[in-house]
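K.L.:
Supplied in structure tokens, the structure appears directly below.
Taken together, the values in this text are just the output of simple stated rules run on the coordinates, not laboratory data. In this text, all values refer to a predicted model and were calculated from it rather than measured experimentally. Neighbour counts run over all protein chains shown; Cβ positions are idealised from the backbone, glycine included.
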Amino acid sequence: MTDEIEVRVEGARKSDAGRGRARLPSAVQEQLGVLSGDPVIIDGDRLTVAKVWPGDGDRVIRIDADTRASVGANIGDTVQIRAGTVEDAADVTLQPADDRADPDPPTDAVTRELVDGLVREGKQLRVSGHGAYVVTETDPTGSVRITDDTAVAVEPELAAPGTTGDGGEAPTGAAYEDIGGLDEELELVREMIELPLSEPELFARLGIEPPKGVLLYGPPGTGKTLIARAVANEVDAHFETISGPEIVSKYKGESEQQLRDAFDRASANAPAILFVDEIDSIAGARDEDADMENRVVAQLLTLMDGLETREEVIVIGATNRVDAIDPALRRGGRFDREIEIGVPDEAGRREILSVHTREMPLDEAVDLDALAARTHGFVGADLATLAREAGMAALRRESGDEPVVEPGDFETALAGVEPSAMREYVVESPTTTFTDVGGLAETKARLREAVEWPLAYGPLFEETNTEPRRRDRGSDPRAVRPGPPDRSGDRLSR
Ligand code: ATP
């Protein structure tokens, strides 16, 4: 057994957000001599306490954004952990962590939610429906467990800055746990911008220019803005945002001035991330007739080139149409990296659904896996709407104090929400095989011949100088002859 172990901080699982859990791999639990449910003390810039849960990986601790703020650690940082002991708390005082939190929540609801939770002074936690709070006092002091007998009080004043996290400075209100299905993309963006913001001198020492910009591209509503905000939060950077269409102005020079102002504000608050949403509207390819666009693109180029290494400002651009961006902006030294934020697959949709139903009282019969399987083509924004509509349907159905969202509410919502991803964006390998289609032996054989053979045995056809069967009997150009609805056409194609 070891007293103290160094572990790397990773983001929490989506369903753990706001629950103050510390997931530890079993090897680490064994070394520390702790079991699931035991308290563990996490020591980063500050100390906090969390409850051990089973985890994965190697020397990794998975904690949510509030717990990360409590210890003053970001994803990728290392912290020390050790087994802890707790006493039952007689009194616990909370204060709002930011001005979005309810200053006067009903204390019985707060207590009910926190019972059995482990806290200590400085710990940030979340009460569903009311916001984030900081524990500012406990009796006894040290790490304590909240029980049914604990008197929990909420004081309305904001907790003093510096008690947790970055002291509430420029909170962007998005955490890694709020984003579903984009872990790899998040990691790429973070890698790309963390070093230039935190250790720009490294680049200078190597004699290379640090990256200045990242371009996120993909269909609308897939989470580009969300990623930029979450990363800014995670690397403790100031977040400055401009929306392309908003700064387009018919007055000469005004758009350029707004761009310059945004860059100035970012530099003044460095380290900073400057997010340019819908960048294609101001940075479209230049042409001879578009005077305004040309001037704005030229200004953007100048501003990006003028960002000195020491300024610690990174520009993140977001667009639905990457090809419409002026090629000069996509060269090295400007937007160095382009990262695609695509339409989520089934696993991604499942994660997004769990993010957006996290604070919903769900009936046990609600099957999120099945919903994820049925929502092909839905992007994050559609799934957020779906969850919200299901909540609204539950409210309309039940007028009591504690409405519960039932499977039928999701059905009502599904009838009203359309997938926004166009076909051309959606590439998902189906898992259906011929064995999933009953009967239709002849059709299957014909399909194999017409579709599978040319793909699988192309060289063989060439060698024997024969043509694969391109069309099915006669002149119908489709591989599958039309049939009445619901006769397996779709399933056969899959
Ligand atoms: P646009 O191109 O229209 O600006 P975007 O890609 O920037 O779209 P966001 O503004 O980030 O999309 O997403 C809109 C909303 O959809 C978010 O506020 C969030 O509620 C939800 N959403 C989108 N993607 C995700 C995701 N991957 N996980 C969780 N929620 C998501």
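K.L.:
Would you mind calculating the relative contact order of the chain from Cα pairs under 8 angstrom and at least 6 residues apart, reporting the percent as a whole number?
P.N.:
Working: 961 pairs, mean separation 55.4, N = 494.
Averaging sequence separation for qualifying contacts and normalising by length gives 11 percent for the chain.
K.L.:
As an exercise, find the ratio Rg/Rh for the chain from alpha-carbon atoms, using the Kirkwood inverse-distance average for Rh.
P.N.:
1.04
K.L.:
OK, next. Of all DSSP beta bridges located in the chain, what percent are antiparallel, nearest 5?
P.N.:
Just about 45 percent of them are antiparallel.
K.L.:
Now a separate question. Using a simple charge model, +1 on the beta-carbon of Lys and Arg, -1 on the beta-carbon of Asp and Glu, nothing else, what dipole does region 88-154 show about its Cα centre, in debye to the nearest 20?
P.N.:
280
K.L.:
Then there is this: Would you work out which of V451, L368, A387 lies farthest towards the positive end of the dipole of the chain, given +1 charges on the beta-carbon of Lys and Arg and -1 on that of Asp and Glu, about the Cα centre?
P.N.:
Working it through, the farthest residue towards the positive pole turns out to be V451.
K.L.:
Using packing as a proxy for protection, rank 4-12, 438-446 so that the peptide with the highest average count of other Cβ atoms within 10 Å comes first.
P.N.:
Output ranking for 4-12, 438-446: 4-12, 438-446.
K.L.:
Something else: Among E462, E411, what is the fewest-to-most ranking by other Cβ atoms within 10 Å?
P.N.:
In order of increasing Cβ crowding within 10 Å: E462, E411.
K.L.:
Modelling each spin label as a point 7 Å along the Cα-to-Cβ direction, I'd like the I208/E467 distance in nm, to one decimal.
P.N.:
Once both label points are built, they end up 5.3 nm from each other.
K.L.:
How would T147, T136 line up from fewest to most surrounding beta-carbon atoms within 10 angstrom?
P.N.:
Listing T147, T136 from fewest to most nearby Cβ atoms yields T147, T136.
K.L.:
Stretched out fully, how many nm does the piece from D88 to E4 gain, at 0.36 nm a residue minus the Cα gap?
P.N.:
This chain segment gains 27.8 nm when fully extended.
K.L.:
Treating only the Cβ atoms of Lys and Arg (+1) and Asp and Glu (-1) as charged, compute the dipole magnitude of region 43-157 about its Cα centre; round to the nearest 20 debye.
P.N.:
In total the dipole reaches around 580 debye.
K.L.:
Using only helices, what value at 222 nm comes out for the chain when you add -39,500 (n - 2.57) per DSSP H run of length 4 or more and divide by the total residues, to the nearest 500 deg cm²/dmol?
P.N.:
Value at 222 nm, helices only, nearest 500: -9000 deg cm²/dmol.
K.L.:
If you don't mind, there's one more thing I want to ask. Past the 23 Å Cα-Cα mark, which pairs from K14/K123; K14/K212; K51/K123?
P.N.:
Those over the limit are K14/K212.
K.L.:
Would you work out which of I282, P54, Q29 lies farthest towards the positive end of the dipole of the chain? Charges go on Cβ: Lys and Arg +1, Asp and Glu -1.
P.N.:
I282
K.L.:
Return the FRET efficiency for the residue pair L301, L158: r is the Cβ-Cβ distance, R0 is 35 Å, and the value is rounded to the nearest 0.05.
P.N.:
After rounding to 0.05, the efficiency reads 0.25.
K.L.:
Once Lys and Arg get +1 and Asp and Glu get -1 on their Cβ, which of G213, A89, F263 lies farthest toward the positive end of the dipole of the chain?
P.N.:
Comparing the listed Cα positions along the dipole, G213 ranks first.
K.L.:
With only Lys, Arg, Asp and Glu charged, each at its Cβ (+1 for the first two, -1 for the last two), find how big the charge dipole of region 325-467 is about the Cα centre; round to the nearest 20 debye.
P.N.:
Values: 15 positive and 30 negative charges, 98 e Å.
The dipole magnitude comes to about 460 debye.
K.L.:
Most exposed first by the Cβ proxy, i.e. fewest other Cβ within 10 Å, how do V60, V417 rank?
P.N.:
Ranking V60, V417 by Cβ neighbours within 10 Å, fewest first, gives V60, V417.
K.L.:
With angles folded into 0 to 90 degrees, how steeply does helix 380-397 sit against the dominant principal axis of the chain? Use alpha carbons for both and round to 10.
P.N.:
It works out to around 70 degrees.
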